[in-house]
Amino acid sequence: MSLPTPQGRPGGRTPHGGQPAQPGPYPGGVQPAQPVQPAKTLAGSGPGAGQVPQQPDVLGRPVQTPGAQGGGPVPQGGAPGPYGPPARSGPARTAPGRTRGGRTARPSAGGRPRTGFGLIGPRRERHAFSLDQLESLALPVGDDGMVIGIDANGKPAVLGINRATPYDVTLIGGLWTAQVLALRAAATGARVAVETGRTQVWTALAQAAGGGQPCITLHDVGRVPPQGASAGSPVVVVRDCGMRPPRGRVVSAPWQSVITLLPYLSPVAPRLMRKSGLVGVQRVSPDEGGKIGRIMALPQAETAALSTLADGVTLWCTERDRQFVMTQATDAETGLLGSARRMD
């Protein structure tokens, strides 16, 4: 008498989720399911290195083990897990010219397909200019500093008075030009210290310049205190000490320039002119013009012109360059200082 074949649970599976029972030579005609052996990775560096061998089941069919090539779940999130290499993270790629929903992407202006779900902004005509029109957009670019007047071509003449290196300027001219330079230096943000023996002619300028702020200070001759100049607070020292200015306590330094005013060509003028980085000469006598021309190595035409210069015109010269500049006062400067004049 043969026993009936046990079917386990409905569906022909064993209670523990193994393979269905198959007939065999065991008592009762039931052959238990064989457990699957754990996969072993082949070592070595040959063609089969890194592959996982496949174990056949009870029917002789190959069983794909987790982690083998082409089978088994792979953990998501990009982190390596026990079932194989990490999964690729990032947005899914789409074919060129198509979006995720199968919709054809609209090509952009450059010819490349436009991907994404954002709205396309407005399209406007591009502005185009001809070469002649571009020339009208050109801007005159010059040096930085304070405007001291206009040159012979009517263009602004700019003097960079605030420098990171010591800078000395000698002006053989009138008080009016020196006061205009001091006022415009203060307008650039520099602190102006005036060393003078005639305080009464500078008082009105010092009171009106800063609008209540002491941007222009007056000091007696030889009593200018250290100014503490820096890149954020440059200083300009104006020395109005007569024909023979004594050696001052405050000299030129980084971010501290010194302007020395001489009403005429004095005996100390040659020494000051040779050590200065810039020399300004207004109208002088023909004899003084000849001496200045020899000291500054001026051409004959410019030497002869020194005795005929108009009020407010200055010849600014260095070792290499020379330029005639006419200083024109603004309405505020005219109301405070009056019109241009060589004599006081």
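Give me the residue from the stretch 199-228 that is part of a helix (DSSP H, G or I) and among the aliphatic types (A, V, I, L, M) and, out of that set, nearest to the chain's Cα centre (by Cα).
Looking at residues that are part of a helix (DSSP H, G or I) and among the aliphatic types (A, V, I, L, M), I get Ala209.
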Counting residues that are at pLDDT below 95 and open to solvent by 40 Å² or more (accessible area, probe 1.4 Å), which strands (runs of 3 or more DSSP E) fully inside the stretch 244-335 reach at least 2? 322-326
Count - residues of the stretch 230-243 that are more than 32 Å from the chain's Cα centre (by Cα), crowded, with 20+ Cβ neighbours inside 10 Å and not hydrophobic (A, V, I, L, M, F, W, C): 2
For the stretch 300-314, enumerate the residues that are more than 44 Å from the chain's Cα centre (by Cα) and either within 19 Å of Asp151 (Cβ to Cβ) or touching a residue at least 40 places away in the same chain (Cβ under 8 Å) (or both). Ala301, Ala305, Leu306, Thr308, Leu309, Ala310
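Given the structure, is Asp168 touching a strand residue (DSSP E or B) at 6+ places or on another chain (Cβ under 6 Å), of a type in the set (D, E, K, R) and not in a helix (DSSP H, G or I)? Lay out the reasoning, then the answer.
Details: touching a strand residue (DSSP E or B) at 6+ places or on another chain (Cβ under 6 Å): yes; of a type in the set (D, E, K, R): yes; not in a helix (DSSP H, G or I): yes.
Here the answer is yes, as Asp168 does meet what is asked.
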Looking at the stretch 189-198, is at least one residue assigned to a helix (DSSP H, G or I) and open to solvent by less than 50 Å² (accessible area, probe 1.4 Å)? no
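The values are calculated or read from the model by the stated rules, or taken from the named source; none is laboratory data. Since the structure is predicted, the reported quantities are computational estimates derived from the model, not experimental observations. Every residue, glycine among them, receives a Cβ derived from its backbone with ideal geometry; neighbour counts consider all protein chains shown. These accessible areas exclude ligands, DNA and RNA; they are computed on the full protein's heavy atoms, side chains included. Shrake-Rupley method; radii C 1.70, N 1.55, O 1.52, S 1.80 Å.
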